[in-house]
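Visitor: Dropping a structure here in structure tokens format, bear with me for questions.
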């Protein structure tokens, strides 16, 4: 299926919000015509993903996935830039968004913790699209429960030997390298995990177990059998892999919300265009109050998701810029954005499909493909239920903190009681 043309160009009104600065607005204004001009045959998802990585690299957009020191466009990874890129790409093609996102997520741990040699070997190639990245964390029995990871990494005289399986790995089978997490202390739980960079050509690595899903994109199960990597393949601190994985995911969680936001905006645009041209009882569908009410619901859901998404990205960027802890909980803000944007996008797309009637379920229509594309976003990088737990715990922590007397007051009370 060839990339379909949007009914109308996406609105840029959100760029005027105070979350963004002139650099972000220039980025978005340059990306919009580029994305609209692309024409990629997506009938073969693996070939299409390679094509998108090449195009995104040639266009300079992958430079936003790495810092300037490694050939990136900005001094450091910028969450708002990632949000704008993913929102725009997902509006035009969820597979384009996937290709972009995985270059960032798959190399993010190298940006955060890689040695100078590792960063030089991988990040410039990620930025120009000559290497495809992947992030290998999930296992058959360790998804949300990362501590249940069973894959082992044992030190050898030559380096490290990896044994075990990873599954649901995006870019599995087409990636040039995998940022892979394994247990180096089997009894250490999350404190016994270490990260490694495993090149796709490594002996003992089998990436042929392709996984087919309802919205096709490259996924695979990886099998590591006596897979030996050099000592220099260790990424970051020994047994520091869990914190590194969580830091990487924190950077990109708000961008998942942005991908959902882009799909929701496209569904709303498709619904508006259909309502304006579809005739019913001698009138355009848009003339009916019930249609207007549905479109109103959809627009409000989109804007609510947008504000939470932009806020989360802005909060992270501000904390990075100032080096100070933000006034709010960054992790909870990202969780709110991810949960709200993906759940709202599912509702918006469902309403857009309903508005299309029978045309909505016709294979090949845009709303039909969006209906399939959005579903996985409510699961990966932390399912909605996980985000609810993160937010709920943050609410309870804040409530307990607010109820606790100041340190001086607590001391005075204790002194009085002693007296």
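Visitor: Take the residues in the range 17-33 that are crowded, with 16+ Cβ neighbours inside 10 Å and without any contact (Cβ under 8 Å) to a residue 60 or more places away in the chain; name whichever of them is nearest to residue 116 (Cα to Cα).
Guide: Once the filter is applied, the top-ranked residue is 27.
Visitor: Continuing with this model, one more query. Please go through the range 273-296 and pick out each residue that is assigned to a helix (DSSP H, G or I), under 24 Å from residue 365 (Cα atoms) and out of contact with any strand residue (DSSP E or B) (no Cβ under 8 Å at 6 or more places or on another chain).
Guide: Of everything in the range 273-296, those that are assigned to a helix (DSSP H, G or I), under 24 Å from residue 365 (Cα atoms) and out of contact with any strand residue (DSSP E or B) (no Cβ under 8 Å at 6 or more places or on another chain) turn out to be 273, 274, 286, 287, 290, 291, 292, 293, 294, 295, 296.
Visitor: A further question follows. Out of the residues in the range 205-228 that are over 21 Å from residue 109 (Cβ atoms) and more than 25 Å from the chain's Cα centre (by Cα), state the one that is surrounded by the fewest Cβ atoms within 10 Å (Cβ to Cβ).
Guide: 226
Visitor: Scan the range 190-221 for residues that are touching a helix residue (DSSP H, G or I) at 6+ places or on another chain (Cβ under 6 Å) and in a helix (DSSP H, G or I) and jot them down.
Guide: 190
Visitor: If you don't mind, another one. Having 1 or more residues that are at pLDDT 95 or above, under 17 Å from the mean Cα position of the chain (by Cα) and assigned by TED's automatic domain parsing to the domain that holds residue 257 is the bar; report the helices (runs of 4 or more DSSP H) wholly within the range 359-419 that clear it.
Guide: 366-375, 384-403
Visitor: Would you confirm, using the coordinates I've provided, whether residue 184 is over 21 Å from residue 66 (Cα atoms), free of Cβ contacts under 8 Å to residues at least 60 places away in the same chain and in contact with a strand residue (DSSP E or B) (Cβ under 7 Å, 6 or more places away or on another chain)? I'd like the intermediate steps shown before the answer.
Guide: Numbers: over 21 Å from residue 66 (Cα atoms): yes; free of Cβ contacts under 8 Å to residues at least 60 places away in the same chain: yes; in contact with a strand residue (DSSP E or B) (Cβ under 7 Å, 6 or more places away or on another chain): yes.
Answer is yes for this residue.
Visitor: Applying the selection to the range 124-137, what residues are without any contact (Cβ under 8 Å) to a residue 60 or more places away in the chain, under 21 Å from residue 75 (Cβ atoms) and surrounded by fewer than 24 Cβ atoms within 10 Å (Cβ to Cβ)?
Guide: Those that are without any contact (Cβ under 8 Å) to a residue 60 or more places away in the chain, under 21 Å from residue 75 (Cβ atoms) and surrounded by fewer than 24 Cβ atoms within 10 Å (Cβ to Cβ): 124, 125.
Visitor: Could you identify the single residue in 381, 368, 343 that is free of Cβ contacts under 8 Å to residues at least 24 places away in the same chain, out of contact with any strand residue (DSSP E or B) (no Cβ under 7 Å at 6 or more places or on another chain) and crowded, with 16+ Cβ neighbours inside 10 Å?
Guide: Answer to the check: 368.
A quick yes/no check of all residues on (1) in contact with a helix residue (DSSP H, G or I) (Cβ under 8 Å, 6 or more places away or on another chain); (2) over 21 Å from residue 360 (Cα atoms); (3) modelled with pLDDT of 95 or more:
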{"residue": "243", "(1), (2), (3)": "no, yes, yes"}
{"residue": "248", "(1), (2), (3)": "yes, yes, no"}
{"residue": "257", "(1), (2), (3)": "yes, yes, yes"}
{"residue": "298", "(1), (2), (3)": "yes, no, yes"}
{"residue": "313", "(1), (2), (3)": "yes, yes, yes"}
{"residue": "318", "(1), (2), (3)": "no, yes, no"}
{"residue": "324", "(1), (2), (3)": "no, yes, no"}
{"residue": "331", "(1), (2), (3)": "yes, yes, no"}
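Visitor: Assess whether residue 14 counts as being touching a residue at least 60 places away in the same chain (Cβ under 8 Å), within 24 Å of residue 270 (Cβ to Cβ) and in a helix (DSSP H, G or I).
Guide: When the stated conditions are applied, residue 14 passes them.
Yes/no per residue for (1) without any contact (Cβ under 8 Å) to a residue 60 or more places away in the chain; (2) closer than 27 Å to residue 19 by Cα; (3) under 24 Å from the mean Cα position of the chain (by Cα); (4) not assigned by TED's automatic domain parsing to the domain that holds residue 309:
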site	(1), (2), (3), (4)
230	no, no, no, yes
235	no, no, yes, yes
260	no, yes, yes, no
265	no, yes, yes, no
269	no, yes, yes, no
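Visitor: Taking residue 233 and the conditions (1) surrounded by fewer than 17 Cβ atoms within 10 Å (Cβ to Cβ); (2) under 17 Å from residue 134 (Cα atoms); (3) touching a helix residue (DSSP H, G or I) at 6+ places or on another chain (Cβ under 9 Å), which numbered condition does it fall short on, given that it satisfies the others?
Guide: Here residue 233 meets the rest and fails (1).
Visitor: While we're looking at this one, here's another question. Tell me which residues, restricted to the range 47-76, are surrounded by fewer than 16 Cβ atoms within 10 Å (Cβ to Cβ) and under 22 Å from residue 210 (Cα atoms).
Guide: Scanning the range 47-76 gives a single hit, 47.
The values are calculated or read from the model by the stated rules, or taken from the named source; none is laboratory data. If you're wondering where the values come from, they're calculated on a predicted model, not measured in any experiment. No Cβ is skipped: glycine too gets one built from the backbone with ideal geometry, and neighbour counts run over all protein chains shown.
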